[in-house]
1. Assuming R0 = 35 Å, what is the FRET efficiency of residue 308 and residue 101, from their Cβ-Cβ distance, to the nearest 0.05?
2. Length gain on complete extension for the stretch residue 275 to residue 191, per 0.36 nm per residue less the alpha carbon to alpha carbon distance?
3. Heavy-atom accessible area per residue, the chain, 1.4 Å probe: how many Å²?
4. Using the charge dipole of the chain (Lys, Arg: +1 at Cβ; Asp, Glu: -1 at Cβ; taken about the Cα centre), state which of 147, 196, 217 has its Cα farthest towards the positive end.
5. What are the equivalent ellipsoid semi-axes of the chain, built from the alpha-carbon gyration tensor (square roots of five times its eigenvalues), in whole angstrom, biggest first?
6. Which value, in debye to the nearest 20, gives the size of the charge dipole of the chain about its Cα centre, when Lys and Arg are +1 and Asp and Glu are -1 at the Cβ?
7. Loop only by DSSP, 14 or fewer other Cβ within 10 Å of the Cβ. Give me the GluC sites (Glu not before Pro) in the range 202-272 that pass, ordered by residue number.
8. R0 = 35 Å: FRET efficiency of residue 228 with residue 321, Cβ-based, nearest 0.05?
Amino acid sequence: MKKRFISTIALAGAAAMALTACSSDPEPGASGSAAGGDGGGGGDTIVVGFAQTGSESGWRSANTDSMKEAFSEANGFELIFNAADNDTAAQIAAVRDFINQGVDAIVIAPIVEDGWDDVLQEAADAGIPVILEDRTVSASADLYNAWIGLDFEAEGTKAGEWAAAEFGDTETKMVVLEGTTGSAPANDRATGFDAAIEGTMIEKVDSQTGDFTRDGGKSVMEGFIQNYGIDNIDLVYAHNDDMALGAIEAIEAAGAVPGEDVKIISIDAVHDGMQALVDGKINYIVECNPLLGELVAAAVTGVVNGDEVEPVQYVEDLAFDQAAAEAALPDRKY
Ligand code: AHR
């Protein structure tokens, strides 16, 4: 089945829109296996436990803000928020805690793809619906009601296609700053990018995780510079803007000019990344839209009320070169 995307503009007011599933991706069980928890809610208030990854990046802050705004008291929710500081065991423990509290629904932004089967089964056994936002899991799609997020592989493909068009005909030595090991965006952005540059003259010299953080990007880039020499690195592919911003610091400290001596491609399009693109320090950014709150809240309301909810909901991403970033930055929401 063909994917249909929600555009950035439409997203702002589109919480109730119908979206479309994609057959190549997990089809979560919207069977109602977990519809309606015993509820700590009472009345019309929907009590929601949200297990966020942590606060690793500018993207994550924007996503948390979007979720808190959508799951407000004024909108009829009581939100129990947990940020796991990128610790998978802590995130699973938070979900177990939500189950014990008998919340009406659980929302998870899973840090990594694997290891979710048991706790998702426990939620289903307790009759508590689960909605995933942002990242995907490898567990059976029967164990959650819906997933709302971005096509990470397509993001990697867009970044790789731009790299192939710009540098594919010239010998180009590339290093990669990977996202959190085992996370869906790190896995899928690598897959999409690698396929897009296949057969070009871009050579991946090294690839290591910077954990989606600015500090991580900086220290991994410092290691690359030490190992290979700044003159032997032509291109950085960073799985997010924060790591690209850390890499910029490392490149400048090594006496080189980011965006000129060393080209940089990243993903997210958060404000600081877009500013660096406008300033010429990053060369291309593929968007990853963090404003998922309204769609997730609509899905939670639908599932709790027993309505049919589209089980797989993709949100569309844009891509920016310097001119596009200049035009977009003044109205950027994050
Ligand atoms: O899962 C989305 C990714 O997580 C974003 O690209 C990154 O910035 C965040 O930490």
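The values are calculated or read from the model by the stated rules, or taken from the named source; none is laboratory data. Quantities reported herein were computed from a predicted structural model and do not represent experimental measurements. Cβ placement follows ideal geometry from the backbone for every residue including glycine, while neighbour counts extend to all protein chains displayed. Please note that ligands, DNA and RNA were not included when accessible areas were found on the heavy atoms of the full protein model with its side chains. Shrake-Rupley method; radii C 1.70, N 1.55, O 1.52, S 1.80 Å.
1. Values: r = 27 Å, r/R0 = 0.77.
Between residue 308 and residue 101 the formula returns 0.80.
2. Taking residue 275 through residue 191 to full extension adds about 27.5 nm, to one decimal.
3. Values: 13210 Å² over 334 residues.
About 40 Å² of surface per residue is accessible.
4. Of 147, 196, 217, it is 147.
5. 37, 19, 18
6. 320 debye
7. Details: sites: 203, 222, 249, 252, 260; in loops: 260.
Loop-located and lightly packed - 260.
8. Numbers: r = 27 Å, r/R0 = 0.77.
Here the calculated transfer efficiency is 0.85.
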